[in-house]
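The values are calculated or read from the model by the stated rules, or taken from the named source; none is laboratory data. In this text the structure is predicted, and so the values were computed from the model without any measurement. Using ideal geometry, Cβ is built from the backbone for each residue, glycine included, and neighbour counts are taken over all protein chains shown.
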Amino acid sequence: MDFKEVEKKVVENALNYGKQYNITIDQDFALLKLYEEVGELSQAVLIHRKKSRPEKHLAEEISKEEVAKELADVLGMVMVNAHVMNIDLEEAITKKWINR
Ligand SMILES: [Mg+2]
């Protein structure tokens, strides 16, 4: 799957989530949800590094998988943000990170 295909599927899933739970996926929702996912990533990393309450600790491979899931959530919400702001994310990444 290329970048645009991944983006399309992620956005479709987000819009279906919105329909399912009667939530409008607008710019405010997308940005706040991105922050929520960044928070979840922080929590997952703290747990993975055993810098959380001991009762939250998980086996190494499981906590790493949780970090991977939250990274995916952050990236997915970045894609949703680009969509609701009508921004070509592939072009923006190419300009900002590749063709500097
Ligand atoms: Mg999450």
Could you say which residue among Glu40, Glu91 is within 16 Å of the ligand (Cβ to nearest atom) and free of Cβ contacts under 8 Å to residues at least 60 places away in the same chain?
Glu40
Expected output for region 1-15 (first residue more than 9 Å from Met79 (Cβ to Cβ) and of a type in the set (Phe, Trp, Tyr), partner in a helix (DSSP H, G or I) and at pLDDT 95 or above, Cβ below 9 Å, 6+ apart or cross-chain) is Phe3/Leu89; Phe3/Glu90; Phe3/Ile93
Of Glu65, Glu12, Glu60, Glu36, the only residue that is over 28 Å from Ala92 (Cβ atoms) and under 16 Å from the mean Cα position of the chain (by Cα) is Glu65
Can you name the residue in region 78-88 that is assigned to a helix (DSSP H, G or I) and without any contact (Cβ under 8 Å) to a residue 60 or more places away in the chain and, of all such residues, is farthest from Val38 (Cα to Cα)?
Val84
Given (1) closer than 24 Å to Val84 by Cβ; (2) away from the ligand (no atom under 13 Å from the Cβ), where does Glu60 come up short, assuming only one miss?
(1)
